[in-house]
Amino acid sequence: MRLILASRNAHKIRELGPLLAPHELEPLPDDVELPPEDGETFAVNALGKARAAAAATGRAAIADDSGIVAQALGGAPGVRSARFAGQDATDEENLARLLREAPAGSELAYVCALAFVDPGDGVEYLVEGRCTGTLAAEPRGEGGFGYDPAFVPDDDATERTMAELDPAEKDAISHRGRAAGALADRLRERS
């Protein structure tokens, strides 16, 4: 099945594509407007984007909303992870703010809500993946993106950050990998 990915984030396309194989992902057409990510939960934001993409294209669409939750910050940055250091903040600026405000060793969780909407038959699926870990004292590694250089996952005994894992290792334990696996299972059941 060919699916529209309700995102223009190249990192997400590269990461989700292999995880959802044999389904193929296509980027969101340039003329499609997505709703603002102003929901209070990852699920609300993901479902809103998937519905908008499906309605605009008339094709099955998926969308994710994901971010990092820091226990020491009362759950922040949460749904505002991409804008933690400001509306147009870079990944580096967001990470720097997290490292300033949360102590090293703080408990973290990556959360990913992944929504599927098929306008042809009205089917909607919503799944969630989580990965828990701790905050590194400083960024390490060249892989991944976002908060990956400071996220030490609980599921990897080597104490490497997500940015130090190879893509296959990361996919096996990441929030996005787990959500994609759950969605792939739902899509297989549907076939």
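Structure notes:
- Residues F116, F84, arranged from fewest to most other Cβ atoms within 10 angstrom of their Cβ, appear as F84, F116.
- Estimated from helical segments only, the mean residue ellipticity of the chain at 222 nm is -10000 deg cm²/dmol, where each DSSP H run of four or more residues counts as -39500 (n - 2.57).
- Distance from segment 100-168 to segment 23-85 (C-alpha centre basis), Å: 15 Å
- Within the shell of other residues whose beta carbon sits under 11 angstrom from the beta carbon of A70, the net charge comes to -1, with Lys and Arg scored +1 and Asp and Glu -1.
- Pairs of alpha carbons in segment 1-57 separated by more than 18 Å make up 35% of all such pairs.
- Coordinate range along principal axes, alpha carbons of segment 65-162, Å, largest first: 49, 34, 27
- Most mobile of A157, A55, A172 in a GNM of the chain (Cα contacts under 10 Å): A157
- Here the dipole of segment 29-183 is about 260 debye; that uses its Cα centre as origin and unit charges on the Cβ of Lys and Arg (positive) and Asp and Glu (negative).
- Evaluated over the chain, the Cα radius of gyration and Dmax, each in Å: 16.2, 49
- Unit charges at the beta carbon, dipole of the chain: most positive-side option, H11, Y147, C112: C112
Laboratory data are not the source of any read-out in this text; all were calculated from the coordinates shown. Just so you know, these numbers come straight off a predicted model, no measurement behind them. Note that we place each Cβ from the backbone using ideal geometry, even for glycine, and neighbour counts take in every protein chain shown.
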